[in-house]
1. What ³J(HN,Hα) values, in whole Hz, does the Karplus curve 6.51 cos²θ - 1.76 cosθ + 1.60 give for region 178-183 when θ = phi - 60°, with x put for Gly and Pro?
2. Along the Cα→Cβ direction, 7 angstrom out, place labels at Arg252 and Arg151. What is the inter-label distance in nm?
3. Can you tell me the FRET efficiency between Glu96 and Asp63 if r is taken as the Cβ-Cβ distance and R0 is 35 Å, rounded to the nearest 0.05?
4. Roughly what % antiparallel, to the nearest 5, for the DSSP beta bridges in the chain?
5. If you take every DSSP beta bridge whose two residues both sit in region 1-148, what share of them, in percent to the nearest 5, is antiparallel?
6. Zone of Leu231 (label point 7 Å along Cα→Cβ, backbone N under 13 Å): which residues in region 133-160?
7. Arg162 to Arg144: extension gain in nm, 0.36 nm per residue of separation minus the Cα-Cα distance?
8. Quick check: from the Cα gyration tensor, does the chain come out rounded (a/c under 1.5), prolate or oblate?
Amino acid sequence: MADTKPVRGRFAPSPSGRMHLGNLFCALMAWLPVRAANGEMVLRIEDLDPGRSRMEYAMQMEDDLRWFGLDWDEGGSSGGPFGPYYQSQRTQLYEECFSKLREKGLVYPCYCTRGELHAAQAPHREDGMPVYSGRCRHLSEEERAKLSQHRRPAFRLEVPNREIHFTDGYQGSCTENLARDCGDFIIRRSDGVFAYQLAVVADDGEMGITQVVRGCDLLDSTPRQLYLYELLGYPAPQFYHIPLMMSEDGRRLSKRDHDQDLGFLRSIYHSPEPLLGLLGNRAGLLERPEPVTARELVEEFRKKPPAFFGVTECEKARPQFSTL
Ligand code: GLU
Ligand code: ZN
């Protein structure tokens with residue numbers, strides 16, 4: 001029998017500033033395949049970090065997405081069957097997942113400070129963090145009790161010494177050995193906030209997400225997340241990591257680049273079609289950057305889904321092009 005389950009995709013922005021063109025490109029590339037497959041689109045607000053998230057940015061994001069014609073079937077302020085769609089309101093789920101991992105005996109407290117971690121003689125990962133040595137893994141109960149008097153620990157998940165393999169829809173075949181390349185990783189911070197890695201898997205798992213399209217900067221998180229899918233018993237989605245947009249001088253766009261933020265761009269373009277044309281052209285969907293609507297891009301996507309450069313190794317996944 002044919003698989004009749006609908007494609008479920010999502011856009012999962014962090015409301016820590018106004019969206020920029022790179023964020024919009026991600027949203028568009030997540031939205032197009034869902035609409036092209038008559039699937040369901042979810043908007044989840046990743047406001048996990050209370051220090052960096054603001055509700056007004058989340059509301060502004062909804063307005064920006066709508067302005068471009070990118071709609072969603074559930075999530076954000078409209079809610080839906082898998083709500084709430086704000087990570088700040090989903091901590092009970094994260095607690096449950098955390099307990100489940102603890103019951104498996106795979107979680108331990110880590111008392112290392114940032115300084116200690118960086119001072120360690122360990123190879124560094126791409127995100128600048130050293131591979132964790134497992135220093136706190138074998139502390140005795142007495143040592144833990146003693147350290148707890150002065151410090152609140154973070155919690156780490158023990159990782160296996162085996163290859164985790166996946167095929168990214170755009171980047172091709174990727175492999176990582178978490179023990180060698182990452183080390184035991186944090187699933188709950190010392191201030192009690194659950195880590196992105198845990199929350200994103202719990203949410204995508206519970207929300208029945210079947211495809212994840214997001215920036216290449218998260219490619220190296222994927223093996224950790226696949227391990228969590230396995231432990232928590234959720235089926236893993238298909239991943240698609242897209243190239244990041246870069247600024248003129250070759251940096252990653254950040255929310256501080258106001259000339260790329262949607263407030264500025266909306267004020268000079270007045271309508272979404274020229275910007276969608278540029279993004280459609282960047283994605284290889286349009287031969288020329290001529291004005292289009294989001295719906296017209298869906299038709300182009302149906303005809304010819306982008307292949308993204310044929311990069312086949314995780315390590316080669318690098319931002320590939322610049323912005324306007
Ligand atoms: N909230 C993350 C971000 O804005 C995206 C998470 C994801 O797509 O997995 O960078
Ligand atoms: Zn430690």
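Rule-based calculations on the coordinates, nothing more; no lab input. All values derive from a computational prediction rather than experimental measurement. As a convention, Cβ positions derive from the backbone with ideal geometry for all residues, glycine included, and neighbour counts pool all protein chains shown.
1. Taking θ as phi minus 60°, the curve returns 4, 4, 7, 9, 9, x Hz for region 178-183.
2. A separation of 2.6 nm, rounded to one decimal place.
3. 0.55
4. Antiparallel bridges make up about 55 percent of those DSSP assigns within the chain.
5. Within region 1-148, antiparallel bridges account for around 10 percent of the total.
6. Zone members listed by number: 155-160.
7. Stretched fully, the Arg162-Arg144 segment lengthens by 3.6 nm.
8. Prolate is the answer for the chain, as a/c is 1.5 or above and a/b outweighs b/c.
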